[in-house]
Structures are given as structure tokens and as C-alpha cells.
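The values are calculated or read from the model by the stated rules, or taken from the named source; none is laboratory data. Computed from a predicted structure; not experimentally measured. Because the Cβ atoms are built from the backbone with ideal geometry, glycine has one as well, and the counts that use them run over all protein chains shown.
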Amino acid sequence: MAGLAESLGISSSPYINAVVVLLVFVAAAWLADLFVDRLLRRVARFTKTELDDRIIDLVHRPVFLTIVLAGLSAAASYLVPAGKLLFYADGVLYSLIVVIWGVTMMRATGLVIEHAVGRVSDVTGLGRNVIPLVENLTKIVVVLAVLLLILSLWKVNITPLVASAGIAGAVVAFAAKDTMANLFGGISVFMDRPFKIGDYIVLDQGERGEVVAIGIRSTRIKTRDDILITIPNSIIANTKIINESAPVPKFRIRVPVSVAYGSDIDLVEQILLEIAAANGNVIEDPPPRVRFRQFGDSSLNFELLCWAREPALRGLTVHELNRSIYKTFQERGVKIPFPQRDVHLYRE
């Protein structure tokens, strides 16, 4: 690049050659900026997201500055004698390029993270308060990469630094293995999506409640007693989860009912279906049904099967159905038996 002006036969003066080379690079920078800002922006209009438009707003100026700084480096080769002075000039210019793109990368990754978390939160309910955490971690990685690249430009041996960073990383990873396990457990929850905010879940340990928060480290569920349970994501990722709200929000309810021997079983079935149909929490499709399950020791055992609109209504619906069944049986003469034994005494 340094011999561009001489190869074109423009001038033998280094000052004129430097100016010509710089003007060529400025023109190239203007054309590149025009390509990015005009052509790519038109292509981005056909997409449904605004993320690509915002990224174009970020990169078109760094592209222009990068080509101009490269032109300054090429022009400096005409004006600065080869040796340490030229090495320092190139080091400063290329370090500026690395810093510019480092800042651009941090801003672009911030946009991508915000967009990605926004889409994930719509599905999993992940709070946007995790955006600063992820952004800070990304900035640390970008800053470290920029520093290592700048050191390599200045011919600094980075092998000992990389080795030390690897050892330090291994020590930190071993010390924070539980935190890392929860972090990867949270990632698996976001990828598999076994539940979302508002779902009612039951864990292996018997905890049942509504999912109120899904974080990077833990998941929180609120029980029907308004008790908040925080469960590490490493446990969530390695346990069986029953999601009562999936794949459909309706929840099946089973109500066992016992009547005395000699009762009219057709009347019992009719009463149970009428009670289920009259309850506002019970949906019509699928319709309620009654099953005669078995002949018990002291009773005929039935079961009322119906579907509530959502799992949160399970307790209330069972309560209302039991009240209605007891009152209606009393009104219509259906007896609910209690355990009893007949004892026969024989006298020799």
C-alpha cells in the first residue's frame, strides 16, 4: 500500500504521495459508508425486526473511521522513516481501530442481548432485570479481548497472560461450581421451556405452586399458602416437573362420592352432572362425567370427573362441588353412609 502513489506514477514527492493515498482512502471510506448506510439499510427494511437497523446505525461510522485510520497509516509510511517511529505510529493508529470496534461490539451486543431477552421473556417470563448482568459479563469479555489484541499489536508476549488467565479461570470455576451449575441449569430451563410465568407446577419433592419468577440462578414459585419457595436452577434442571398448566390451561378434577347401598344410581349420576354443570368454574368442553368405580365395604363408590378453567381454581372448585353434593343429597334423600359393621352374637 505504501507504494501505491509511485506505482501509479503520480509523484516522487513523499508529501504528495501521502496526500494522494490519504485521499484515496477517504474516498473508499465514503463509498463504504454509502454502501452500508444506503444499500444495507434498504435490505434491512424487508425484515420484521428493527434490530438490524439499529446495528447499521452503529457500524456505519466505525467502518468509515477504520478506513480513514488505515489511510493515515499508509500515508505515514511515506512521511515517517521505517523503524521504531513508524512502529509507534502504526501501533497508535491500529490500537484506535481496535478500541473503536471494541466499543462498537459492546453497544451491538447490548442491543442483541436486549432483543434476545425481550423475546425470551415473552415465553419464559424472564425478567428484564437480568439484562444489566448479561451486558456486564459481555463487556468484560470484550474488554479483555481488546486488551489482548492491543498488546499483540505492540508485540507484547501475551502467552503468560493467557496461561495465567486460564489458571485463574479454572480456580474461579472450581470455587463457584454451584453457581455455575445453577447458571447452566437456568440456560437449560430457558432452552427447554418446561414452564413459564403463571404456570402451576409440581416438583418431585411435592412443592406445588405458581411460577412467579425465572432467573439466571433460581426459580421462584408461590404456593397456595402465599409462601414463596426459591429453588436453584440446578435442581430444577435435574428433577421431574409436572406442569398442570400445559399443554392446555384447563385442569381435571376428581371428586370421589360414596352413597349407601340401595340408592338409585341413576339419580346419583343425574345429581352429580347437574351440580357440575351449575358450577361456574367447570367448563363445558370436555363435558363432566360420572363413573361408578366399585362396590365398597359400606357404600357404592362413584367419581365425578370435570375440568376447571385453570389449576388455580382446583381447591375452590372441589370445595364448591362438595358443598353442593352434600346439600343436594340431603334434599333429595340420597344417603351418604359411614363405615359400619354388623356384629352377630351366637349363644351356645
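In the set (1) surrounded by 15 or more Cβ atoms within 10 Å (Cβ to Cβ); (2) in contact with a helix residue (DSSP H, G or I) (Cβ under 7 Å, 6 or more places away or on another chain); (3) closer than 17 Å to Ile271 by Cα, Ala308 fails one condition alone, (3). Looking only at residues in the stretch 199-245 that are within 15 Å of the chain's Cα centre (by Cα) and part of a loop (DSSP other than H, G, I, E, B), the one that is farthest from Val134 (Cα to Cα) is Ala237.
Does the stretch 222-244 contain any residue that is modelled with pLDDT under 85, in contact with an Asp or Glu (Cβ under 6 Å, 6 or more places away or on another chain) and not assigned by TED's automatic domain parsing to the domain that holds Ala312? Within the stretch 222-244 (the criterion being modelled with pLDDT under 85, in contact with an Asp or Glu (Cβ under 6 Å, 6 or more places away or on another chain) and not assigned by TED's automatic domain parsing to the domain that holds Ala312), the answer is yes, since at least one residue qualifies. Take the conditions (1) over 44 Å from the mean Cα position of the chain (by Cα); (2) modelled with pLDDT under 85; Leu72 misses just one of them, which is (2). The set of residues from the stretch 279-304 being in a strand (DSSP E or B) and either in contact with a helix residue (DSSP H, G or I) (Cβ under 6 Å, 6 or more places away or on another chain) or crowded, with 17+ Cβ neighbours inside 10 Å (or both) comprises Val282, Val290, Leu300, Phe302, Leu304. Scanning the stretch 303-326 for residues that are of a type in the set (Lys, Arg) and either over 30 Å from Thr223 (Cβ atoms) or in contact (Cβ under 8 Å) with a residue 60 or more places away in the chain (or both) turns up Arg309, Arg314.
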